[in-house]
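Written below as C-alpha cells is the structure these notes are about.
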Amino acid sequence: MTAVGIDAIEIHTGKLRVDLAETFAPAKGESPEKYTKGLGLNASSFPDTYEDIVTMGANAARRLMERHGLSPSDIGRIDVATESAFDNSKPVSTYIAGCLEQVFDGDFHHANKGERKFACISGTQSLDDAYNWIKAGRNRGRSALVVATDTALYARGDAGEATQGAGAVAMLIDEDPDLVELSTEQGYGSADETDFLKPNQQFPSVDGKRSVQVYLARMREAVEDYESVAGDIHPEDFALLPFHTPFPGMVRKAAALAYRHMIRDTAIEEELADEIGRQPRFEAFDSDEAHREAMSEYTDRLVDTDRYREWYAEVVDPTLTVSREVGNWYTGSVHVARISGLKHALENDIDLAGRRLGVASYGSGAQAEVHAETIQDGWAEEIAALQVDEQLAARRDISFEEYERIHDVHNHDVDRQAEDVEEFTTPSGEFVFDGWGRMGERKYRFVE
C-alpha cells in the first residue's frame, strides 16, 4: 500500500513577544516562577497589528510551497483548522487561497476548501481528512494543504492569560511523504464536556481545574482505544511523544499517566517495585476514591525515579522546547510539538528514520486522538529547512503597556480598528491585513 503522510511542514509565529518572567509577572505582581516553573512557559507570541489567522496561515503556506516548488495546480484540497475564525459562513481557507493566488501563477479554483472546528484537535482532524481523501483515490495525483492557525487570546485578567500565543503551522499531505507516514490505527476518547468553550464570544470561558481533568480522562480513553486496534504500547515504542500542549505543565501530568499506563504488567514495573512498589490494583480497595488516592501517591513516586526522568527527558521534554517560547497555538499546538521534537533530534545528531512518534491530540468539548507516525528518510532535510530559531529571535519584545494595546487591537469588542493603530514592526515579504471591504470582509495584500 502507498504510504500517506506529512510530506512538508512550515511554521509562522506572531511578530511580537512578551517575556513572562521579566514583563508579565511583575505587572501582575506575581512570582516569575509561577509561569516559568508552574506553567513551564518563558514567553508568548502575539500578532502585530497587521497580522491575523489569515496572514499567519498564508505566510506559512507560501514558504512551504516556495521551498518545494509547488503551484496551485499541485494542490487539490485546502483545509484550515482554527478556533479563532471571524466569519460564520466564509471559511478561512478561501482567504488563504486568495492570498496565495497573489504570489503564485495559477489559481485554486479546482481545489476543495473547508474549515474544521473542534477546539485544538481540529488540526489533527484535518490531517485525517486529507489522509482519507488521498487513500480514497480522490486526489487525482494532487496534494492536500492543511493549515492550523490561531490567535489564542484570553480576556485580560483570566487565569489562562499567561498561556496565550499566536501562530500557524502549514502541512503538505501527500503520498510517499518525506517527513512522517501516518498510521491507519487511531484511538479516540470523546465526551460531551463544557471544560472550555466560546458560545458566540471571542474569548473562552474556561473551567481550568475541570479542563485538566477532562484532558487527562479523554487521553486515557484514546490510549485504551488505540491499544484495542494496535496492541499494547510500551515506553520504548516511540522515539518522541508530541502531546497537545496548552502549556508544558499540562504535558507533565499527561506524560506521567501515560508512562504509568505503559509500564503496567511489564518488566519495568517489576524492576521499579523494590523502589516504589507495584501499581495499586483496583480490586485491592474498598472504594474508587481510595484507589485514586493510592494511584496518585504511586505516580508521585514514579516521576521521582531515575528511570522515569530519563524517559521523559528523551521522549517528551524535547517536544516542549518551542512551546515554552511561544505559548498555546490551539489547533497548531501538537504540530508545534512534533516540530520541536524533530528539531531537537536534528540538532543532537539523533537518527530517527524508521522510528515512530506517538501523537496525542486533544480538543476541549471534548475529544482526544492518539495515533502513530513513522519517521521517513527525508525528515532531517525537511526540518533543517525550517527557520524556527530565526523567527523566534526576530520577534519584537513589547512592554506590558504595549501588550495591553495589542490585545485591544485583536479584541473584537474594542471599538478600534487595526489600521488605526501604529505597527510595532515593519512587514517585509509577507501577507498583511489591508483593511475592510464593502461587505465587512477582511482584505489582504502581499508586501514585497
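The values are calculated or read from the model by the stated rules, or taken from the named source; none is laboratory data. Just so you know, these numbers come straight off a predicted model, no measurement behind them. As a convention, Cβ positions derive from the backbone with ideal geometry for all residues, glycine included, and neighbour counts pool all protein chains shown.
Filtering the stretch 101-119 to residues that are on the phi < 0 side of the Ramachandran plot and of a type in the set (A, V, I, L, M) leaves V103, A111.
Considering only residues in the stretch 144-166 that are of a type in the set (G, A, S) and crowded, with 24+ Cβ neighbours inside 10 Å, the one that is farthest from D19 (Cα to Cα) turns out to be A144. Listed conditions (1) surrounded by fewer than 21 Cβ atoms within 10 Å (Cβ to Cβ); (2) in a helix (DSSP H, G or I); (3) out of contact with any strand residue (DSSP E or B) (no Cβ under 7 Å at 6 or more places or on another chain) are all met by L392, apart from (3).
Here Q367 meets the list (1) over 30 Å from D225 (Cβ atoms); (2) modelled with pLDDT of 95 or more; (3) touching a Ser or Thr at 6+ places or on another chain (Cβ under 6 Å) almost entirely, failing just condition (1).
All of E369, E423, E381 fail the test of being acidic (D, E), touching a residue at least 60 places away in the same chain (Cβ under 8 Å), surrounded by 12 or more Cβ atoms within 10 Å (Cβ to Cβ) and not in a loop (DSSP other than H, G, I, E, B), apart from E369.
A60 meets each of the listed conditions (1) surrounded by 22 or more Cβ atoms within 10 Å (Cβ to Cβ); (2) out of contact with any Lys or Arg (no Cβ under 8 Å at 6 or more places or on another chain); (3) more than 23 Å from H410 (Cβ to Cβ); (4) not aromatic (F, W, Y) apart from (3).
Each residue in the stretch 83-133 was checked for being more than 24 Å from the chain's Cα centre (by Cα), more than 14 Å from R442 (Cβ to Cβ) and free of Cβ contacts under 8 Å to residues at least 12 places away in the same chain, and 1 pass.
Could you check, for the stretch 223-230, whether at least one of its residues is more than 25 Å from A267 (Cβ to Cβ) and under 21 Å from the mean Cα position of the chain (by Cα)? No: zero hits. Determine if the stretch 49-56 includes at least one residue that is under 30 Å from E441 (Cβ atoms) and more than 21 Å from the chain's Cα centre (by Cα). Looking for residues that are under 30 Å from E441 (Cβ atoms) and more than 21 Å from the chain's Cα centre (by Cα), one finds at least one in the stretch 49-56, hence yes. Annotation note: of V206, V223, V212, the sole residue that is in contact with a helix residue (DSSP H, G or I) (Cβ under 9 Å, 6 or more places away or on another chain), over 22 Å from M1 (Cα atoms), at pLDDT below 95 and not charged (D, E, K, R) is V212.
What is the one condition in (1) surrounded by 24 or more Cβ atoms within 10 Å (Cβ to Cβ); (2) charged (D, E, K, R); (3) in a loop (DSSP other than H, G, I, E, B) that E30 does not satisfy? Looking at each condition in turn, E30 falls short on (1). The selection criterion, being modelled with pLDDT under 95, under 13 Å from A368 (Cβ atoms) and buried (at least 16 other Cβ atoms within 10 Å of the Cβ), does not hold for S190. Can you find even one residue in the stretch 372-385 that is more than 20 Å from A8 (Cα to Cα) and in contact with a helix residue (DSSP H, G or I) (Cβ under 9 Å, 6 or more places away or on another chain)? No: zero hits.
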